[in-house]
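Heads up, the thing below is written out as structure tokens.
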Amino acid sequence: MEQIVFGIGITALTGALATIAGSAEDTESNIGSQGDPNSQVQLAPQMGFVHRIFNKAVAGEPPAYGLWCALGAGLAWAFMAMQVNAVLAIVIGSVLAVLVQGAYATTAYLGRTASLAKFGQPVYVDILKSMTSVTMAHAFIAIFSVVTLSHLINGALGHPFPLPLLGLIWGIALGAAGSATGNPYYGKERQYQNQKFGAGVPISASGNIVRYAEAGERNSLDNGFFTHKIGGSASGICFGLIVFLELWRTILFEQISAGWGAIIVGILMILIFTVVDRYIEVWARKNYGPYTEAKVAS
Amino acid sequence: MNPTAMVVGVVMLLIILALCWYVSPGMGLMALIGIVVGGVLIGFGTHFVPVGGAPAAMGQAPGIATGVAMLAAGAGLAGLFGGAWAAEQGLVVATITGGVGGGLMMAITCMMVNFVYVFGMGIPSASGKVAKDPITGDTQAEFKSQGTEGHGLPFVSFVGGVTGGFLGGAGGTLIYLQLLSLYEATLPAVMGVPPAQVMPIAVAAAGIFAVGLFLVNAVLTAYNITGTIEGPHDPKFKRWPRSIVASAVASALCGFFAILIVAI
């Protein structure tokens, strides 16, 4: 019983860390335009819309976070093997991984933006200096959270995978969940704030991203501030639920019926999310209504 | 479909299996067959995952706004995490546990995607590929906003995502379990150390190979569907046979090298 209570406590802690990681990851990627909306940031100057948006997308979020989290976890694991205190080891490992992220962000921005020189897009050094440090700060929060939850899963809950491998797996899952949930909000709702609310961006409007703020030109810090409220929170809840529920069903129900308990609870949870998803879909159809008459649409 | 390419693929698969039988006729061959089955499950499962890529991020096309290989990898690796934890419960339970883990990850992600579309952006789901949702019968065209190919995740895409996550998680776990049992049995003799000492190395090596094989198969499928797919109702889904052959050959080749490290 004591073991189960301990497991539930660790599970709750990892769920909270995952929520923070998801939120920080999405905000970091939005400030750096690393998700799929980077295509519009790259396209805009080619359509004549020169901008001051940061763009460091030379890899998708999942492989990038897989690398950074595996790096942070691997270094933390090495420091712990050298008898360094676990908390200190995780912090140092995450800091070193963030230095790699900073180098990546710098070279990615310079490379991507320099390739647009023929379209008149300048490389802004002030953007490079102010945005890179902010993405590094957010990346540190995300990497630190993932390495810590991986350490808890490995050390306290007894998962067989070594720390670097857990960092890789949860880093990729973090990037996948964060990009899936957060990208549409940045891509549609922020970059195309000039388009109608409640409709997708017409393909003919591609590249015409919003470039001006209340005062002066919009930059990526404005984008991070805006998207964090819904896109970042939703990404955090998404990744938090994934980690928490995966651990919860294992810790509480794996011993029931030789492992079948965790399977049945997992299937039940999938069914619950299916019902919730269907409710959301039907709610939208009823409340937002069709864009055109059914008989006219083709 | 190119019959010649399919035949060449099957012949290559048989050659690799024959080589494995020559090098390691017992456990090695059985492990390789398990790896091929796991790889095929991953490749087939990735076809179900609804991914819209960059256009989905602007609400211009349905699906999840990220890369297909990356999303499938995220779900499958979450499944592998659960399956590896349940390895002691036996092959069947661990494989299904891995599948449920992948399915659960996709169920949460797909639900949150629709949540953001509906409550964050005010956009209902609409498919661009079918007039009616094959499962619910909901008409789609009138909910498609002007100038787009659709947006969000219709119910059939949600079900496809969960199915893909399940197959990917189960396939990844199967590969892991096959390699783990092989390494546990052979590494002590190869390295000349007691079985207890070899366990962390066996777990780590099997886990890394499982992750690598997962990415190989997911990327192969991403090429097959040219980057985006709405789910099982998408016409691109019919391309799966050639991807199955490609996944089988690629998994066999990668698996063969994973077996060679203990067989030679």
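Among the residues examined, residue A:48 qualifies as at positive phi and more than 14 Å from the chain's Cα centre (by Cα). Among the residues of segment A:135-175, not one is under 23 Å from residue B:103 (Cβ atoms), away from chain B (no Cβ under 12 Å) and among the hydroxyl-bearing types (Ser, Thr, Tyr).
Here residue B:252 meets each of (1) part of a helix (DSSP H, G or I); (2) among the small types (Gly, Ala, Ser); (3) over 25 Å from residue B:25 (Cα atoms) with one exception, condition (3).
Selection of segment B:146-194 for residues being crowded, with 24+ Cβ neighbours inside 10 Å and outside any helix (DSSP H, G or I) yields B:150, B:151, B:152, B:153, B:154.
Just give me the residues in segment A:137-151 being out of contact with any Cys (no Cβ under 8 Å at 6 or more places or on another chain) and closer than 20 Å to residue B:83 by Cβ, in sequence order. Across segment A:137-151, the qualifying residue is only A:149.
Over 15 Å from the mean Cα position of the chain (by Cα) and crowded, with 22+ Cβ neighbours inside 10 Å, is that true of residue A:14?
Values: over 15 Å from the mean Cα position of the chain (by Cα): yes; crowded, with 22+ Cβ neighbours inside 10 Å: yes.
When the stated conditions are applied, residue A:14 passes them.
Entry remark, segment A:176-207: residues being within 7 Å of another protein chain (Cβ to nearest Cβ), free of Cβ contacts under 8 Å to residues at least 12 places away in the same chain, more than 9 Å from residue B:59 (Cα to Cα) and not in a helix (DSSP H, G or I) number 1 in total. Scoring residue B:29 on the criteria (1) without any contact (Cβ under 8 Å) to a residue 40 or more places away in the chain; (2) crowded, with 24+ Cβ neighbours inside 10 Å; (3) in a helix (DSSP H, G or I) leaves a single failure, condition (2). For the criterion of being more than 25 Å from residue B:53 (Cβ to Cβ), of a type in the set (Gly, Ala, Ser) and out of contact with any helix residue (DSSP H, G or I) (no Cβ under 8 Å at 6 or more places or on another chain), residue B:137 passes. Residues that are buried (at least 24 other Cβ atoms within 10 Å of the Cβ), out of contact with any Pro (no Cβ under 9 Å at 6 or more places or on another chain) and of a type in the set (Gly, Ala, Ser) within segment A:126-173 comprise A:139, A:142, A:145, A:167, listed in sequence order. Just one of (1) in contact (Cβ under 8 Å) with a residue 40 or more places away in the chain; (2) away from chain A (no Cβ under 11 Å) fails for residue B:59. It is (2). None of B:80, B:41 is assigned to a helix (DSSP H, G or I), among the hydrophobic types (A, V, I, L, M, F, W, C), more than 9 Å from every other protein chain (Cβ to nearest Cβ) and surrounded by 24 or more Cβ atoms within 10 Å (Cβ to Cβ) except B:41. For the condition touching a residue at least 12 places away in the same chain (Cβ under 8 Å) and of a type in the set (A, V, I, L, M, F, W, C), what is the one hit in A:273, A:225, A:253? Result of the check over A:273, A:225, A:253: A:253. Residues A:103, A:81: which one is of a type in the set (A, V, I, L, M) and more than 21 Å from residue A:129 (Cα to Cα)? From the options A:103, A:81, the qualifying one is A:81.
The number of residues in segment B:97-131 being surrounded by fewer than 24 Cβ atoms within 10 Å (Cβ to Cβ) and more than 29 Å from residue A:192 (Cβ to Cβ) comes to 0.
The residues in segment B:62-72 that are at pLDDT below 85, facing chain A (nearest Cβ under 7 Å) and not in a loop (DSSP other than H, G, I, E, B) can be counted, and the count is 2.
Criterion applied to B:164, B:172, B:212, B:160 was being in contact with a Phe, Trp or Tyr (Cβ under 6 Å, 6 or more places away or on another chain) and under 25 Å from residue A:163 (Cβ atoms), and the one residue passing it is B:172. Do the conditions hold for residue B:95, that is, is it within 18 Å of the chain's Cα centre (by Cα), more than 7 Å from chain A (Cβ to nearest Cβ) and hydroxyl-bearing (Ser, Thr, Tyr)? Yes; evaluated as a whole, the condition is true for this residue. Each residue in segment A:17-43 was checked for being in contact with a Gly (Cβ under 6 Å, 6 or more places away or on another chain) and surrounded by fewer than 24 Cβ atoms within 10 Å (Cβ to Cβ), and 2 of them qualify. Tell me, yes or no, whether segment B:217-236 has at least one residue that is within 25 Å of residue B:21 (Cα to Cα), without any contact (Cβ under 8 Å) to a residue 12 or more places away in the chain and surrounded by fewer than 19 Cβ atoms within 10 Å (Cβ to Cβ). No: zero hits. Selection over segment A:240-274 of residues that are surrounded by fewer than 23 Cβ atoms within 10 Å (Cβ to Cβ), more than 7 Å from chain B (Cβ to nearest Cβ) and of a type outside the set (Val, Ile, Thr) gives a count of 10. Answer yes if at least one residue in segment A:97-118 is in contact (Cβ under 8 Å) with a residue 40 or more places away in the chain and part of a loop (DSSP other than H, G, I, E, B), and no otherwise. Yes - at least one qualifying residue is present in segment A:97-118. Of all the residues in segment B:140-192, those that are free of Cβ contacts under 8 Å to residues at least 24 places away in the same chain and of a type in the set (A, V, I, L, M) number 3.
For the residues A:195, A:191, the requirement of being surrounded by fewer than 24 Cβ atoms within 10 Å (Cβ to Cβ), assigned by TED's automatic domain parsing to the domain that holds residue A:93 and in contact with a Pro (Cβ under 9 Å, 6 or more places away or on another chain) singles out A:195.
The values are calculated or read from the model by the stated rules, or taken from the named source; none is laboratory data. Remember, predicted model here, so these are calculated numbers, not experimental data. We place every Cβ from the backbone using ideal geometry, glycine too, and count neighbours over all the protein chains shown.
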